[in-house]
Structures are given as C-alpha cells and as structure tokens.
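For reference, the structure discussed in these notes is given below.
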C-alpha cells in the first residue's frame, strides 16, 4: 500500500489528508507546529501517524505532498535542517501543492532527482469543503509517467486532475485561475454593496447572484462570507490574497502580460487590509465590508 506524507496540515493540507486517509492510504503527517499534526493523526486513527520532521515523513513515504504558505516556506521545508531532501528516498514522488511561482518547483527539480525521486507541482483549486470531500481540481506540472504513478493519490483528493505540461505548468495555471477568482470576489463585493445601498436586501441580492449567470462555484460557497461576514469562518485571508496577487503580478512582468484587472484587485485588497480591524486575517470577501465602510463615509 502506498504511504503518503502530508507536509503542512493547515486548513487545506489537513482537509486533503482526511480525503487521502479516507481513500485507504496510510498517512504520515508533519507540520511546523507538531501539535497540529499529532491532533490530526489522532483524529484519522490507526493508519495515520505524526512525525517530528519533514525528513522523517519523506523517508517513510512513497508519495510526499507539501502544502505550505509560500515559496520561502517550500524552500525551507525542502532544504532546511530536517527537510524533505534529507529524507526523500529513491523511487518516491514529491508533490508540491502550494501556491507559489513556477520557479520554485523548477529550482528544486535537480536536487530531488539527485535523490532518485521525481517531482510534480500540483496546486489545487477549490474550497476546504471540496478538499474534505475529495473534489478539488488538481493542476499538475511534470513528466507524464510521474503523473500517472501519482494519479491514485491525486484522485483521492481531486475529482479532476489536469496535466498541464512540464514542471511549473501547474503553478502557472493556478495563478491564472486565482486572477479570475480575485476579480470575481471584487465584482461580487461591489455589486452586493451597490444593491444594498439602492435598497435591496443583502441576502436576497446574493440569492439572485447565485441563481444568475455569475453563479460560479466560488459564488455558491462564499455565500456566508458575503451575507453574514460577522459570523462566517475565514476561508481565504486577505493576506493570502495579497500574496497570490503579488505572484500574479510577478509572473505577468516576467512574461510581458497586461493584467490591469489583477493590479486593481491587488490595490483594493491592500486598501481593505489597511482599513479593516484585523485586516490581514480577515476573509477576502471582507472587501465588501471595506466598501460598505467607504460608502458610509
């Protein structure tokens, strides 16, 4: 039986681990805060265990999935003391599912291969709820043969697996998808505040959005975040949105793409972060709260 290591068991990594364990794979969990990995292992039962380092997790696994916050965290996870490269064993597959620039996986490739292992970048699209139910979309870059070797594990947490091309291609398309997500988030926030200011009930306006041509999955699962922001759990923070929009801008600069919408979205995210109490930790849907405050002023 293929053993899967999950490195980084935050909201998304933990949800992916649950789906992978539910599919019958033994899992090894590693996290910067070890207590979080220990708690998740206890929840998952006898086929899961927590370890103290990424190296120990990689040494125990046939497939090693990392899900951390940014490129610096990936670099530290792989190259730091007790990192993945210390434990990665020959014949295994390392998969980075973090949202990072394509240069991150490409920069790791030679060192991973020197260990006799293979590398994929496979960021995911979808909510934590979709991760918990194994219905994410995986956007994969790497060699075809490696993708096929890892496919049973990818299928455990993703309803659809797209092989986008060479290593780094998954990261490129993830940033492109996120550019649309942040644009839609901004548009929904503007339209909702517009409807409210013109006298339409917030919840009723949002029901119309969900039933209309713009009723994308994001609009469906972000309902509570937009309609009842005071009580909704944070699913995707303004800080993470700002980080991803910075990466989108960097990629656009590298390839010479014009992205005026994404640059406007970045400015609005920055303004909301600065204006709202607890700004960086607020959900990205709280752009609407920022626009309400501005309208009230």
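Does the stretch 225-264 hold any residues that are part of a helix (DSSP H, G or I), in contact with a helix residue (DSSP H, G or I) (Cβ under 9 Å, 6 or more places away or on another chain) and farther than 22 Å from residue 170 by Cβ, and which are they?
225, 226, 227, 238, 239, 261, 263, 264
Here is a check on your reading of the model: is residue 77 modelled with pLDDT of 95 or more, buried (at least 22 other Cβ atoms within 10 Å of the Cβ) and not in a helix (DSSP H, G or I)?
no
Consider only pairs whose beta carbons are under 6 Å apart and that are at least six residues apart or on different chains; among these, list those whose first residue lies in the stretch 9-22 and is surrounded by 23 or more Cβ atoms within 10 Å (Cβ to Cβ) and whose second residue is assigned to a loop (DSSP other than H, G, I, E, B).
Partner pairs satisfying both residue conditions: 9/31; 12/67; 13/67; 17/9.
Mind checking whether some residue in the stretch 135-156 is under 23 Å from residue 225 (Cβ atoms), outside the structural domain of residue 241 (by TED's automatic domain parsing) and crowded, with 21+ Cβ neighbours inside 10 Å?
yes
Just wondering, is there one or more residues in the stretch 23-36 that are crowded, with 21+ Cβ neighbours inside 10 Å, under 18 Å from the mean Cα position of the chain (by Cα) and in a helix (DSSP H, G or I)? Talk me through it step by step, then tell me what you get.
Applying the first criterion (crowded, with 21+ Cβ neighbours inside 10 Å) to the stretch 23-36 yields 25, 27-31.
When the remaining residues are screened for being under 18 Å from the mean Cα position of the chain (by Cα), the result is 29-31.
Filter once more, so that each one left must be in a helix (DSSP H, G or I): none.
Scanning the stretch 23-36, I find no residue that is crowded, with 21+ Cβ neighbours inside 10 Å, under 18 Å from the mean Cα position of the chain (by Cα) and in a helix (DSSP H, G or I), so the answer is no.
Within the stretch 182-193, restricting attention to residues that are surrounded by 19 or more Cβ atoms within 10 Å (Cβ to Cβ) and within 30 Å of residue 95 (Cα to Cα), which residue is nearest to the chain's Cα centre (by Cα)?
If we take residues in the stretch 182-193 being surrounded by 19 or more Cβ atoms within 10 Å (Cβ to Cβ) and within 30 Å of residue 95 (Cα to Cα), then 182 is nearest to the chain's Cα centre (by Cα).
The values are calculated or read from the model by the stated rules, or taken from the named source; none is laboratory data. On a predicted model such as this, the values are computed, not experimentally measured, just so you know. FYI the Cβ positions are ideal-geometry reconstructions off the backbone, even for glycines, and counts take in every protein chain you see.
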